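Taking it in order: structure first as structure tokens, then the write-up.
The values are calculated or read from the model by the stated rules, or taken from the named source; none is laboratory data. The structure displayed is predicted, hence computed values, not measured ones. Please note: Cβ atoms are built from the backbone with ideal geometry, for glycine as well, and neighbour counts cover all protein chains shown. Each accessible area value is taken on the protein alone, full model and side chains, heavy atoms only, with ligands, DNA and RNA left out. Shrake-Rupley method; radii C 1.70, N 1.55, O 1.52, S 1.80 Å.
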Amino acid sequence: MPRPTGDMSTSKSSWTPESEDSVSDKLQRKMRASPLVPVGIAGFAVVAAYGLYRLKARGSVKMSVHLIHTRVAAQACVVGATALGATYSMYKEYVLKPSQGLTRK
């Protein structure tokens with residue numbers, strides 16, 4: 001079998017993608033595809049920040065119990081946003097599309 005000619009290891013920048021998207025472009029594209037994911041992330045961040053803020057004024061509650069309550073609340077925000085997103089996508093797929101198909105006939 002003949003060996004390929006040329007040294008491929010020296011040309012490291014020979015391949016370039018067709019479209020180089022920045023991080024913000026990728027984030028915006030993903031937000032358009034599933035708009036409730038950023039809502040879940042924001043809810044998580046708000047609950048976590050509030051939990052840290054309330055850390056000093058927790059009173060006689062143990063640290064571990066306070067952290068567990070904060071974690072459960074943050075997870076509830078993410079799960080709630082995920083459930084809303086799934087419900088909305090099912091609504092678009094199974095309710096709006098069949099009704100649009102009937103009106104076009």
- [ ] Look at region 25-77 and say how many of its residues are open to solvent by less than 70 Å² (accessible area, probe 1.4 Å), in a helix (DSSP H, G or I) and modelled with pLDDT of 85 or more.
- [x] 16
Open item on the list: Conditions first: (1) in a helix (DSSP H, G or I); (2) open to solvent by less than 80 Å² (accessible area, probe 1.4 Å); (3) in contact with a helix residue (DSSP H, G or I) (Cβ under 9 Å, 6 or more places away or on another chain). L84 passes all but one, so which condition is the exception?
Closed with: (2)
Open item on the list: Looking at (1) among the basic types (K, R); (2) assigned to a loop (DSSP other than H, G, I, E, B); (3) open to solvent by 90 Å² or more (accessible area, probe 1.4 Å), which one does K97 not meet, given that it meets all the others?
Closed with: (2)
